[in-house]
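Working notes, structure below.
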């Protein structure tokens with residue numbers, strides 16, 4: 001797991017990297033300023049991110065932009081908000097800790113840290129990062145499943161209300177729609193019209209051209225009826241819904 005050390009002091013960067021290396025952490029990045037850390041993280045340009053960072057060790061006191069402001073900037077970025085940040089604090093800098101935690105830091109450690117303390121804090125925060133990643137993966141999977149279920153439901157609705165041959169609304173949809181329109185008419189005291197049609201000599205046509213010819217005839221009639229109902233100003237009936 002990658003760890004990013006952000007400190008303006010070369011000594012601090014070297015010490016922390018050495019201690020982490022002694023604990024078996026081989027993927028350790030360093031930055032001498034907040035701006036350089038942002039480039040490592042891809043905050044300014046995601047395409048330039050060096051690698052995926054799992055933990056940041058951030059010096060509280062740095063020139064140009066201190067650790068508090070840098071921490072706040074990182075936590076305003078959706079893709080970086082889940083990265084734990086441990087503040088590196090000098091003995092006289094404890095007054096800034098409250099602001100650091102408000103900005104999104106999750107822990108702190110005094111400089112210079114001991115190997116045991118640093119290892120304990122790092123292990124704890126990396127466990128936190130793994131749990132955050134696990135929960136994100138579960139949420140994403142749940143979202144995907146929800147979308148698939150919604151798409152399946154929409155398809156089922158379409159199939160259940162459509163005639164398989166003509167692709168116009170079936171009897172089930174007609175019964176539902178006519179009930180709604182009847183109630184609307186009662187509420188608004190508006191008349192309702194219903195047109196019923198029949199295809200003359202259809203049996204003879206079917207007998208002459210076979211069932212496939214009859215099916216094609218029904219589809220063409222349905223298409224002719226559905227087209228005019230799409231004109232503006234004509235309320236669509238169940239045959240088109």
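The values are calculated or read from the model by the stated rules, or taken from the named source; none is laboratory data. The structure presented is a predicted model; accordingly, all values stated were derived computationally and were not measured. Note: ideal-geometry Cβ built from the backbone for every residue, glycine included; neighbour counts use all protein chains shown.
Descriptive notes on the structure:
- Checking 137, 119 one by one, the residue that is touching a helix residue (DSSP H, G or I) at 6+ places or on another chain (Cβ under 8 Å) and under 30 Å from residue 87 (Cβ atoms) is 119 and no other.
- Residue within region 55-71 that is within 20 Å of residue 95 (Cα to Cα) and within 27 Å of the chain's Cα centre (by Cα) present: yes
- Tally, over region 72-105, of residues that are in contact with a helix residue (DSSP H, G or I) (Cβ under 6 Å, 6 or more places away or on another chain), on the phi < 0 side of the Ramachandran plot and either in a loop (DSSP other than H, G, I, E, B) or surrounded by fewer than 16 Cβ atoms within 10 Å (Cβ to Cβ) (or both): 6
- Across region 175-193, the number of residues qualifying as closer than 23 Å to residue 162 by Cβ and surrounded by fewer than 10 Cβ atoms within 10 Å (Cβ to Cβ) comes to 0.
- Any hit, region 113-132, residues being closer than 18 Å to residue 6 by Cβ and not in a helix (DSSP H, G or I): yes
- Condition check for residue 159: loosely packed, with under 14 Cβ neighbours inside 10 Å and assigned to a helix (DSSP H, G or I): yes
- Residues of region 144-189 satisfying the condition of being within 34 Å of the chain's Cα centre (by Cα) and either modelled with pLDDT of 85 or more or over 27 Å from residue 218 (Cα atoms) (or both): 144, 145, 146, 147, 148, 149, 150, 151, 152, 153
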